[in-house]
Every structure is written in C-alpha cells, then in structure tokens.
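Encoded as structure tokens, the structure appears first; notes follow it.
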Amino acid sequence: MATTTTTPSPTTTNGAARPPRIPRGRRRRCFQSPFFLPALAIFHLAVGIGCDVTLHVGRNGETGAGGDGTNLGPDGGATGGASGATGGTFVPPVRTPPDRHAPLTSTSKLDLLFMIDDSASMAPLQAKMRVKIPQFMDVLKNLPGGMPDLHLAVVSSSIGAGKFSNVAQCEPGTQGNGDGLFKHSSACTQLNPGETFLKSSIDASGARVENFKGGDITPVFDCLASLGDQGCGFEHQFESVRLALQRSLTVTNPPDPNAGFLRSDAYLAIVMLTNEDDCSVPYDSDLFDPSMQTLADPLGGLQSYRCNEFGHKCDQPLPHGAAGLPMTMTGCESKEDGRLVTVNGFIDFLFSLKPMHPERIFVAAIAGPTTPYTITSHLFMLGNGDTESQPAIQHSCTSGMQGSEYADPAVRVQQWTQAFGPNSYFGNICSDDLGLTMSSIAERMVGP
C-alpha cells in the first residue's frame, strides 16, 4: 500500500464546496458566548434579529481542541475543548438523562436522520433493515391525525480516514468519503430534482405538501436507504452525523446541500444501523496512517482492531500483540482521551441543538451487543504481501446462513444511547427479523 499522504480534497464528493472554515465563525459579532452549549441557541436568536452570521462547521472544530469553546467541534463543548484531541485528564460529566418527551401527533415537527453504515459486510444487514421500513413508517402514519410534519434524511458512516487520503476505500471523491452529505442516489427518481432529503408536511389549508412523487414516502425512504457496502472500513458514525447536522445549519451562498433539514422547533431523532463500533477521529488524526501495518509499528495493523486498541478501555489492558490470545475483556467503555472523538463531546453537541428542550432528542442504534468482548488472533495480509498474526475482535453476534451477518461490540455507540435515558433504544443487529426492532424504535420515538 502506498504511503503518500495528502490532505482531503477541498470539495465534497459531488463537487459542492465544503462548509466554510472560519476561525471564529461570525462576520458581525452580535453575541459572544464563552460556552458551546448555548452557542446554537444564540445563533438562532442572532439570525432571527437579522445578524449576519456564519457558522464554523469544519471537521471536529478545526480551530483546535482546547480552543475557546465557541466553535462547533463536538469536543469544543462547554469546557472549551478540554477533553478534545489534545488529550488531558478526562473528567466524566455529571449528566442527568432528560425526561420522557410528550407524545408526537400529526401537528408535531420531526427531523429524522438515519445513519447507515456502508462499509464492507453491511449489504445484507441493510437489506434486512430496509424490508422492515414499512413497519417503521406505519407507526408514524398511524399517529393521531396522521403522519407528523416530517423531514427525513440518510447519511452514511463514511467521511474518510483522518488526515490520510490514500487509505483504501476511504479516498476523497469516493463512496468512502461522503463528507457528511445526505445520501440521495440518482436512482431514487421519486425524489424531486434538487432535493436532498424527504419532506412531508401539512399546509395552512390542511393539504399535505411533499417533495417526492407517488404520494407514499415509504418506498422513497427505502430507495434512499440502499447505500451498498463500498464505504470506508473505518466507520465515523458520530462524526458523520455531526457533520451532516452542522451542514444543515450552515449559512452559505449557495446554500449547503443539507441546508434546511434541522428546524429549531422540531423534535430530532437519530437512528444508527451499524455492525461495528464508532471510530470517529478528529479531521487531522494520524490514527489511520497506512504506512503502519505491523505489530512492530506503534499503531499496529491497519484494520479495525486499531479502533478498539486506541478507543476503548477495559478492566484488562487491550493487547497490542497476538501473544496470549484469545482473551475475553470485561468492563469495556470508551477511552475518552481524545484519540477518538469523545462520546461525551458528541452527546454535548446533540444536546446543544435543543438547549431548552433536551427531551426533544431521541436516539437509537441497531448494532452489535457489547458483550462478549473477546480478542482473538487472525492472520492478516500486509501491503508487501507478507502475513502476520494480529489481534482482532471476535464478533459479539452472528446470524444468517453460516454466520454471513455479524457485528462487533458497539461499546461507544451503546454508551451514546444511554445518555438519552427514556428517549433512546438499543437493538441487536443480529436479530433474525428486525421487524420488532424497527417498530419498537418508531414507537419509542413517537412517545407513549
């Protein structure tokens, strides 16, 4: 594998300009806030009174972790990025889960984002989920008075591999680097031209207004959710969602393709479908250095275990070598030292979107159970043609014919869902039938 390294392309995969990278984010500084959590609330107020505001929405707060806390990187939160990519002592936040939100009705506004893992091995799992989309959507359609005022978008788990543009299947300009843009394949012809996400609402006359053809949102959603499995193998579930949502708030001319998805008075729901744990890193991370492939290298093999070794901590130290394996780990959780984007930083970012109404955020994941967490050894092919036995995570669940469907422990993903208390759901992606999981997510999402 080549070792040349370059920075990501300044344009997105569809040729659109990236969101602006502006160090302090405001051309006219109407408000200043030393804390991140109220920053978006101040932004909405500033826009409402006519201030000229441009948000900084670069990857992971490109002014740098440990900055003034007013940029929109997930680790630049209320502590000014103290737990960000520059490291430091992590102090877990004292956080009380929000109350249960009120039931949704046809008059409610709902912004619903599906994050679908598009890495290798996900095609059968996507298909298993997609066949149950009708059950999910029926819950929304059967609300009192009918479906809510809905925005529905899909984003992939692929946004490249940190600072490196030459990691296989993660290169700029490919499916492996979606840059947080909503997915809307040209094959989905029912979506109106120029639209990037689904809209269905009731106008003042009581008529339903939609931006797609056919009158039924279900098959259009099913088409948008068909992402395939040619994406990046280092999944950035958290960062992809964060970047997608930040794009929707970006003030640019012309508007960002994601613009208009997030509404300040709407409920926000995020559903993740993935068979690996989150491996989000800061935009300038060197964690995926493709020149390091052997156990003699500080980062070890160029495969998924690198995310576990540097992103998790357990009761037992995670091994760097293959000696003494297999080994079953206990008490595993996110390491939160900033090598990977912190779970708590991502949680804080989401809560900042609804600072006055945290109960209006619902999150769900269909992923691998966190136990058993077993590290085994596997023979990997290196870039020079040699092979080496390296640590690998044993799947925590399997299903399908001869174990063709599988998932690894989603430690960070489950930790994320738990922060939202009653407004969350975690389901096993290896269930033979995802019908109950999909309907349960929808029922929990719309409320009691």
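The values are calculated or read from the model by the stated rules, or taken from the named source; none is laboratory data. Because the structure is predicted, anything quoted here is derived from the model rather than measured. Heads up, the Cβs are rebuilt from the backbone with ideal geometry, glycines too, and the neighbour counts pull from every protein chain shown.
Against the definition (in the same structural domain as Gln303 (by TED's automatic domain parsing), more than 30 Å from Asp433 (Cβ to Cβ) and among the hydroxyl-bearing types (Ser, Thr, Tyr)), how does Ser396 come out, yes or no? The answer is no for Ser396. Examine the stretch 252-274 for a residue that is assigned to a strand (DSSP E or B) and in contact with a Pro (Cβ under 9 Å, 6 or more places away or on another chain), and state whether such a residue exists. There is at least one residue in the stretch 252-274 that is assigned to a strand (DSSP E or B) and in contact with a Pro (Cβ under 9 Å, 6 or more places away or on another chain).
Residues checked against (1) acidic (Asp, Glu); (2) in the same structural domain as Asp386 (by TED's automatic domain parsing); (3) touching a residue at least 40 places away in the same chain (Cβ under 8 Å):
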{"position": "Ser304", "(1), (2), (3)": "no, yes, yes"}
{"position": "Phe310", "(1), (2), (3)": "no, yes, no"}
{"position": "His320", "(1), (2), (3)": "no, yes, yes"}
{"position": "Thr328", "(1), (2), (3)": "no, yes, yes"}
{"position": "Cys332", "(1), (2), (3)": "no, yes, yes"}
{"position": "Glu336", "(1), (2), (3)": "yes, yes, yes"}
{"position": "Leu340", "(1), (2), (3)": "no, yes, yes"}
{"position": "Phe346", "(1), (2), (3)": "no, yes, yes"}
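Within the bounds of the stretch 136-153, is there any residue that is closer than 15 Å to Met115 by Cβ, of a type in the set (A, V, I, L, M, F, W, C) and either in a strand (DSSP E or B) or in contact with an Asp or Glu (Cβ under 6 Å, 6 or more places away or on another chain) (or both)? Within the stretch 136-153 (the criterion being closer than 15 Å to Met115 by Cβ, of a type in the set (A, V, I, L, M, F, W, C) and either in a strand (DSSP E or B) or in contact with an Asp or Glu (Cβ under 6 Å, 6 or more places away or on another chain) (or both)), the answer is yes, since at least one residue qualifies. Can you pull out every residue in the stretch 320-364 that is out of contact with any Leu (no Cβ under 9 Å at 6 or more places or on another chain), among the hydroxyl-bearing types (Ser, Thr, Tyr) and buried (at least 21 other Cβ atoms within 10 Å of the Cβ)? Thr342, the sole residue that qualifies. If you go through the stretch 176-212 and keep only what is farther than 19 Å from Leu113 by Cα and outside any loop (DSSP other than H, G, I, E, B), you end up with Ile202, Arg208, Val209. A single member of Ala392, Ala419 is under 14 Å from Ile270 (Cα atoms), surrounded by 20 or more Cβ atoms within 10 Å (Cβ to Cβ) and either at pLDDT 95 or above or of a type in the set (Ser, Thr, Tyr) (or both), and it is Ala419. Of the strands (runs of 3 or more DSSP E) that lie entirely inside the stretch 353-448, those containing 2 or more residues that are in contact (Cβ under 8 Å) with a residue 60 or more places away in the chain span 361-367, 373-381, 387-393, 405-407, 424-428. Taken over the stretch 293-319, the criterion of being surrounded by 18 or more Cβ atoms within 10 Å (Cβ to Cβ), closer than 25 Å to Trp416 by Cβ and touching a strand residue (DSSP E or B) at 6+ places or on another chain (Cβ under 6 Å) is satisfied by Tyr305, Asn308, Cys314.
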